[in-house]
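The values are calculated or read from the model by the stated rules, or taken from the named source; none is laboratory data. Quick caveat, the model's predicted, so the values are computed rather than measured. Here Cβ is always computed from backbone atoms with ideal geometry, including for glycine, and neighbour counts include all displayed protein chains.
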Amino acid sequence: MIKSRFTLILVIAMLGMTGSVAAHHSGSVFNTDVLLAVEGNISRFRWGNPHVYIYVEARDDSGELVEWEIETDATPILTRSGWSADTLQPGDPVVARINPVHDTSRTHARLRSLTKEDGSIWSARSSFAGSTSDLTGGSRAESIAGVWATPLSTNAYIWSLRNTLRKLNARGLELQAAYDIATESPAGHCIAYPSPGFLAVPYLNEIEVLEDRVTITGELYNTVRTIYTDGREIPEDGELTNQGYSVGRWMNDALVVETGLLEAHRSSMIDGSPAGTRRRVFERFHLSEDRTRLLIDFRVEDPEYLGEPFSATAEWVYMPELELIGIDCDPEVSRRAWGQ
């Protein structure tokens, strides 16, 4: 049982000053080198999007009562992990393991896990396994159509490309170094991620194959990609948009896609690296041999900010038993992590 008194336990795992500074400037307001365990009582529980917020009252080292504002994931993620709007009630005693923001004057943090009085442990992504094999439910797809989940392994792999295959040119590095997450974060302004970032966010996506087009709907911000398959070309002087203009053709059961007319994005891979308006993204969507996974080979060309093109493969898992729950975005809530 959780003790009735309030305690604040600080555990610091330093990974080196250089790593900490890089992590902060690369696009995270949360200090992942510091883990706090806050023991107190629920004061408020806000069930909404794009983030659910848990408020915990606890006493600091001086004995003063403070309220921690703890950010976690969107409602679809929590719902599939067993949470609901009634999971926490005011007055509930809890222990929250959190990563605080770098600004130590603020009591704002990201949730790692939460323990309730009955000993149950709650985390945001317990429904998301670490690999595609863990997520596979045994269902086999007939085509690329259907509901697909992005496993955490794909999420981690795509972001790892920032330090391996993706090479920024001098201008890209300059803008990345100047990135101010508090004012420039696309997520803070409810701006969706274009591909390949679109392929990495760990939510559900639904593919619908129509006669003249293929649509891909993502839960995050209810983003919709339209891929025209009627033989048209990308317009020469079309409007630039967040998801761009995509044309595709079928090669047997695989869909080969080219996307252009992409508007500039200030942090397309969540690290402050810019993406330019002249970039092209090439993708090939095809099923794995056992038809339980969707393999998405992609290549990114961006002469404005990349030193050279880079290529990789993302994997989604077929999950027809799940239903998309759209995530609307409230800019005020989305910017709360930055104290705005």
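When segment 97-123 is filtered for residues that are in contact (Cβ under 8 Å) with a residue 60 or more places away in the chain, closer than 27 Å to Leu220 by Cβ and touching a strand residue (DSSP E or B) at 6+ places or on another chain (Cβ under 6 Å), the ones remaining, listed by number, are Arg97, Ile98, Asn99, Pro100, Val101, His108, Ala109, Arg110, Arg112, Leu114.
Can you find even one residue in segment 287-295 that is closer than 19 Å to Ala192 by Cβ, in the same structural domain as Leu199 (by TED's automatic domain parsing) and buried (at least 17 other Cβ atoms within 10 Å of the Cβ)? Walk me through how you get there before you give the answer.
So the first thing to find is which residues in segment 287-295 are closer than 19 Å to Ala192 by Cβ, and the list is none.
No, the conditions are met nowhere in segment 287-295.
Among the numbered conditions (1) over 25 Å from Val147 (Cβ atoms); (2) more than 20 Å from the chain's Cα centre (by Cα); (3) surrounded by fewer than 20 Cβ atoms within 10 Å (Cβ to Cβ), the only one that Val333 does not meet is (2). Entry remark, segment 220-235: residues being at pLDDT 95 or above and not in a strand (DSSP E or B) number 8 in total.
Taking segment 129-154 as the range and being part of a helix (DSSP H, G or I) and modelled with pLDDT under 90 as the test, the residues that pass are Thr132, Ser133, Asp134, Leu135, Leu152.
When Gly238 is tested against (1) more than 24 Å from Tyr157 (Cα to Cα); (2) within 23 Å of the chain's Cα centre (by Cα), just one condition goes unmet, and that condition is (2). When you look at Leu220, is it closer than 16 Å to Gln243 by Cβ, within 13 Å of the chain's Cα centre (by Cα) and either of a type outside the set (Ser, Thr, Tyr) or surrounded by fewer than 14 Cβ atoms within 10 Å (Cβ to Cβ) (or both), yes or no? Here the answer is yes, as Leu220 does meet what is asked.
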